[in-house]
Amino acid sequence: MSGAIQAIHRTGGYRADIDGLRALAVVPVMLFHAHVPGFAGGFVGVDVFFVISGFLITSIIDAEIRAGGFSVIGFYERRVRRILPALFLICIFTAVAAWFLLMPADLRLYGRSLAGAVGMYSNFVFAAGAGYFDAPAAVKPLLHTWSLAIEEQFYLVFPWLLIGLRRHLPGRVGGVLAALLVLSLAASVLGVALDAENTFFMPHMRAWELLTGALLALGVVPQWRSRTARELAAVLGLVLILVPVFVYSDLTPFPGLAALPPCIGTALIIHAGLGGSSRAGRLLALEPLRVTGLMSYSLYLWHWPLIMFAGYIAMRPLTVIETAGILALTAAVSAASWAFVERPFRRRSGGIARRPLFMAAGSFAVVLIGAGAALDLMRGLPWRFPPDIARMVEAKALHRAATAGCNTVGRRIAALEPGEPAGPLACRFGAKDRPAEILLWGDSHAGALLPALDAAARRAGRAGLMMWHGGCPALLGVDLQSKRRSHRCRQFNDRVAEHIAATRPALVVIVSRWGLYANGTRYGDEEGSPMLLSPDGMAHNPEVFAAGLRASVAAALAAGARVLLVGPVPEVGFDAPSMVARARIFGHPPPQGPRREDFLARQRVPLKVIAELGKLPGVSVFWPHEILCGPEVCRLLEGDEILYFDDDHLSLAGSALFVDRLAAFMAALAPETEGRIVKDSESGVSE
């Protein structure tokens, strides 16, 4: 039995109830991930693990330090034996499954997470993407390794900290660690209020949970001599763990204060067992729970990839029978992993020695990290699929290639000082032998429209400049409530407005993802944080959006330009190329695009504001949804061509549907028409 299962500090030996507590941690996590009704808060099992880990590992480290026999290299050898063999196995399994099953975009993300899982930084990889509870997390086979990364990052620092405290502040070890616990908890509470998704994955905001167990191991809390006190504490501990399992959900702000009940509950059970057994402790020590606890690491590693890949293939929620089958398979595979991988590698006597162990582990790690990096750098290996599927899933790369050289325009313009000309930094489109008289202004949706506008301008004998910045809507005077974008977007739009005033273009085309900014919320399964336009909250987004768009239109009209407002493009709510390709590969009916009524409901504010602005002299409106949407549903495909390159941006084929109408509109600006704007029947553009 491994040292990690030996609670050797003040316990008198092996604690079977702690193994049962491990079962109480892992089973709710499994049922939560399997979407079993009633276990919406099962994710708190990870917090139970953190407290157990802090207690057990600190017990071992501190006992060895006190005995004068602690070896840092020996400690990390035990961590390697405990963690890496089973982790390497699950990484190999998921890599093989990912090769055959994952779409290129998902395989790229898997590659990053593979490197992160082996390198013990996957929590940072996942923090950079969707939140733990968001739908896109369901296509990440190694999502659950974030907790392993948190633990190992903690144990990179903690042994050295404990050695230093025992050596230099022997009488204040508990006080210092308690202070660090309070600071970490305070950071977690504040972090949840400011940025819950990022806080969930941060080690310094989870450290207090491991420190809770560490303080118990160090004897900071006196043992309870009263049997009644121990019995009540253990029962209360079970309640504090189980109630969150059944009551919490993905809407619970977490971790923060909400993580206190399961952590305190775990601490109560552990501490109650230090002075002797209790009824709750004997319950946890029952053989089924004890054995489940012994296998808990393998169960934790295997359950999520099996659930995730099954759902990925099914493209729908799993049935009760399918879920039961996956959980049974998890138990069987985990038992084999525990018996034939975990246990043999934990033993040093009769097993692999330290030096070859480190060399083998290092070699495997390098290979797996390199493989993960290769999957990312090679764009998820689209050539694995037939040509039609490969072309579909490469829609984003094809669009980027078509707009190469124009993707950094916004950042460069935003870096200009007031008065510096933006024109030389812009991207030119249209006829090469014509002066630029059109300006395309907006966020990444303007970039998505560029190929269509370029083709239309060439056909009409026109030319223009494109100024777009990803994530920065063409809303003058609006400050996005984002640390990364607020100042940059304000600067970008100010420089564009200065360019319009100085150069007086004949036409300004204004395009952005209007629904995101007017509502503030993402659509469907899309990754990303809300988009706030006011420090006073999302409720003010509609009015700030309307004021910003009116200001942008007014700036263009004041310069004598005509304005073409491009209405909202229907958002899909999922990665269209990947989902359509998956449906074809796995033999499912193609997914439907958004319903027209859902589009109209979400875009209510932008549609109203843009329609009102379209009544102004010199302002015209082009409605993409009139081309993309039928009476009931908005399209994802035109024949075999995908119309989006992700969940909301038009692909080359999608934007090509607009060329005829845009060309007709531009042709109507010819000098011989004396500025006449063609009628709706001629161009599909409304006055």
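The values are calculated or read from the model by the stated rules, or taken from the named source; none is laboratory data. Small disclaimer: the values here were computed from a predicted structure and weren't measured. Note that each Cβ is placed from the backbone with ideal geometry, even for glycine, and that neighbours are counted across all protein chains shown.
Could you give me the residue pairs with C-beta distances under 6 Å whose first residue belongs to the stretch 553-568 and is farther than 12 Å from Pro617 by Cβ, whose second residue is part of a strand (DSSP E or B) and of a type in the set (Ser, Thr, Tyr) wherever it lies, and which are 6+ apart or on separate chains?
Leu564/Ser620
For the stretch 576-583, state whether one or more residues are of a type outside the set (A, V, I, L, M), in the same structural domain as Glu638 (by TED's automatic domain parsing) and either touching a Cys at 6+ places or on another chain (Cβ under 8 Å) or not in a helix (DSSP H, G or I) (or both). Write out each step before concluding.
Kept after step one, since they are of a type outside the set (A, V, I, L, M), are these residues of the stretch 576-583: 577-578, 582.
Now drop any that are not in the same structural domain as Glu638 (by TED's automatic domain parsing), which leaves 577-578, 582.
Those left that are additionally either touching a Cys at 6+ places or on another chain (Cβ under 8 Å) or not in a helix (DSSP H, G or I) (or both): none.
Among the residues of the stretch 576-583, not one is of a type outside the set (A, V, I, L, M), in the same structural domain as Glu638 (by TED's automatic domain parsing) and either touching a Cys at 6+ places or on another chain (Cβ under 8 Å) or not in a helix (DSSP H, G or I) (or both), which makes the answer no.
Does Arg66 meet the test of being basic (Lys, Arg), surrounded by fewer than 20 Cβ atoms within 10 Å (Cβ to Cβ) and over 25 Å from Pro288 (Cβ atoms)?
Considered against the rule, which asks whether it is basic (Lys, Arg), surrounded by fewer than 20 Cβ atoms within 10 Å (Cβ to Cβ) and over 25 Å from Pro288 (Cβ atoms), Arg66 comes out as yes.
Which pairs do you get when a residue that is free of Cβ contacts under 8 Å to residues at least 24 places away in the same chain, found in the stretch 103-126, comes within reach of a residue that is in a helix (DSSP H, G or I) and basic (Lys, Arg), reach meaning Cβ atoms under 6 angstrom, with the pair 6+ apart or on two chains?
Val125/Arg112
Say we look at the stretch 295-330 and pick out the residues that are within 23 Å of Leu24 (Cβ to Cβ) and out of contact with any helix residue (DSSP H, G or I) (no Cβ under 7 Å at 6 or more places or on another chain); which of these is surrounded by the fewest Cβ atoms within 10 Å (Cβ to Cβ)? If you could, list the steps in order and put the result at the bottom.
Filtering the stretch 295-330 down to residues within 23 Å of Leu24 (Cβ to Cβ) leaves 295-307, 323-324, 326-330.
Still in the list and also out of contact with any helix residue (DSSP H, G or I) (no Cβ under 7 Å at 6 or more places or on another chain): 323-324, 328.
On the way: Thr323: 18, Ala324: 13, Ala328: 10.
By that ranking, first place goes to Ala328.
Does any residue in the stretch 526-544 that is on the phi > 0 side of the Ramachandran plot come within less than 6 Å, Cβ to Cβ, of a residue that is of a type outside the set (A, V, I, L, M, F, W, C) six or more places away or on a different chain, and which pairs are these?
From the stretch 526-544, the pairs are Gly528/Arg522.
Among (1) aliphatic (A, V, I, L, M); (2) part of a helix (DSSP H, G or I); (3) modelled with pLDDT under 90, where does Ile352 come up short?
(2)
With respect to the numbered conditions (1) aliphatic (A, V, I, L, M); (2) over 20 Å from Ile60 (Cα atoms); (3) in a helix (DSSP H, G or I), which one is the sole condition not fulfilled by Met120?
(3)
In the stretch 262-287, which residue that is under 36 Å from the mean Cα position of the chain (by Cα) and more than 23 Å from Leu194 (Cβ to Cβ) is surrounded by the most Cβ atoms within 10 Å (Cβ to Cβ)? Don't jump to the end; show me each part of the working.
Within the stretch 262-287, the first condition is being under 36 Å from the mean Cα position of the chain (by Cα), and the residues that meet it are 262-270, 284.
Keeping just the survivors that are more than 23 Å from Leu194 (Cβ to Cβ) gives 264-270, 284.
Working: Ile264: 16, Gly265: 27, Thr266: 32, Ala267: 24, Leu268: 24, Ile269: 30, Ile270: 28, Leu284: 26.
Only one residue tops the list, namely Thr266.
Please work out which residue is surrounded by the most Cβ atoms within 10 Å (Cβ to Cβ), limiting yourself to the stretch 479-515 and to residues that are free of Cβ contacts under 8 Å to residues at least 40 places away in the same chain and assigned to a helix (DSSP H, G or I).
Of the stretch 479-515, the ones free of Cβ contacts under 8 Å to residues at least 40 places away in the same chain are 483-487, 490.
Keeping just the survivors that are assigned to a helix (DSSP H, G or I) gives 486-487, 490.
Values: Ser486: 15, His487: 13, Arg490: 18.
Looking at residues that are free of Cβ contacts under 8 Å to residues at least 40 places away in the same chain and assigned to a helix (DSSP H, G or I), I get Arg490.
Is there a residue in the stretch 602-613 that is surrounded by fewer than 21 Cβ atoms within 10 Å (Cβ to Cβ) and under 27 Å from the mean Cα position of the chain (by Cα)?
Within the stretch 602-613, none of the residues are surrounded by fewer than 21 Cβ atoms within 10 Å (Cβ to Cβ) and under 27 Å from the mean Cα position of the chain (by Cα).
Pairs, please: C-beta under 6 Å, at least 6 apart or cross-chain, first residue over 16 Å from Ser184 (Cα atoms) and in the stretch 245-257, second of a type outside the set (Gly, Ala, Ser) and surrounded by fewer than 19 Cβ atoms within 10 Å (Cβ to Cβ)?
Final answer for the pair search is Asp250/Phe133.
With the structure loaded, tell me whether Ala196 is in contact with a helix residue (DSSP H, G or I) (Cβ under 7 Å, 6 or more places away or on another chain) and closer than 25 Å to Gln153 by Cβ or whether it fails that test.
Working: in contact with a helix residue (DSSP H, G or I) (Cβ under 7 Å, 6 or more places away or on another chain): no; closer than 25 Å to Gln153 by Cβ: yes.
No; evaluated as a whole, the condition is false for this residue.
Please verify whether the stretch 240-261 includes one or more residues that are in contact with a Lys or Arg (Cβ under 9 Å, 6 or more places away or on another chain), in a loop (DSSP other than H, G, I, E, B) and surrounded by 15 or more Cβ atoms within 10 Å (Cβ to Cβ).
Narrowing the stretch 240-261 to residues in contact with a Lys or Arg (Cβ under 9 Å, 6 or more places away or on another chain): 255, 259.
Now restrict to residues that are in a loop (DSSP other than H, G, I, E, B): 255.
Then keep just the ones that are surrounded by 15 or more Cβ atoms within 10 Å (Cβ to Cβ); that gives 255.
Yes: one or more hits.
Please indicate, with yes or no, whether at least one residue in the stretch 460-477 is closer than 30 Å to Ala138 by Cα, hydrophobic (A, V, I, L, M, F, W, C) and either under 24 Å from the mean Cα position of the chain (by Cα) or at pLDDT 95 or above (or both).
Looking only at the stretch 460-477, we keep the residues that are closer than 30 Å to Ala138 by Cα, and these are 469-473.
Those still in the list that are hydrophobic (A, V, I, L, M, F, W, C) too: 472.
Subset that is either under 24 Å from the mean Cα position of the chain (by Cα) or at pLDDT 95 or above (or both): 472.
The answer is yes; a qualifying residue exists.
Which helices (runs of 4 or more DSSP H) sit wholly inside the stretch 598-687 and have at least 1 residues that are modelled with pLDDT under 95, in contact with a strand residue (DSSP E or B) (Cβ under 9 Å, 6 or more places away or on another chain) and over 28 Å from Arg391 (Cβ atoms)? Break it down stepwise before answering.
On the way: elements: 604-613, 625-628, 652-656, 659-667, 680-683.
It comes to 659-667, 680-683.
In the stretch 185-216, what count of residues is obtained for those that are closer than 19 Å to Phe124 by Cβ, of a type in the set (S, T, N, Q) and either surrounded by 21 or more Cβ atoms within 10 Å (Cβ to Cβ) or not assigned by TED's automatic domain parsing to the domain that holds Ala149 (or both)?
Adding up the residues that qualify gives 2.
From the residues in the stretch 29-63 that are in contact with a Gly (Cβ under 7 Å, 6 or more places away or on another chain) and farther than 21 Å from Thr212 by Cα, which one is surrounded by the fewest Cβ atoms within 10 Å (Cβ to Cβ)?
Result: Leu31.
Tell me, please, whether a residue that is surrounded by fewer than 17 Cβ atoms within 10 Å (Cβ to Cβ), within 19 Å of Asp647 (Cβ to Cβ) and either in the same structural domain as Met467 (by TED's automatic domain parsing) or not aliphatic (A, V, I, L, M) (or both) can be found in the stretch 558-575.
No, the stretch 558-575 contains no residue that is surrounded by fewer than 17 Cβ atoms within 10 Å (Cβ to Cβ), within 19 Å of Asp647 (Cβ to Cβ) and either in the same structural domain as Met467 (by TED's automatic domain parsing) or not aliphatic (A, V, I, L, M) (or both).
May I ask you to say which residue of Pro261, Pro288, Pro244, Pro317 is within 30 Å of Pro85 (Cα to Cα) and in the same structural domain as Phe88 (by TED's automatic domain parsing)? Walk me through how you get there before you give the answer.
Values: Pro261 fails: within 30 Å of Pro85 (Cα to Cα); Pro244 fails: within 30 Å of Pro85 (Cα to Cα); Pro317 fails: within 30 Å of Pro85 (Cα to Cα).
Only one candidate qualifies: Pro288.
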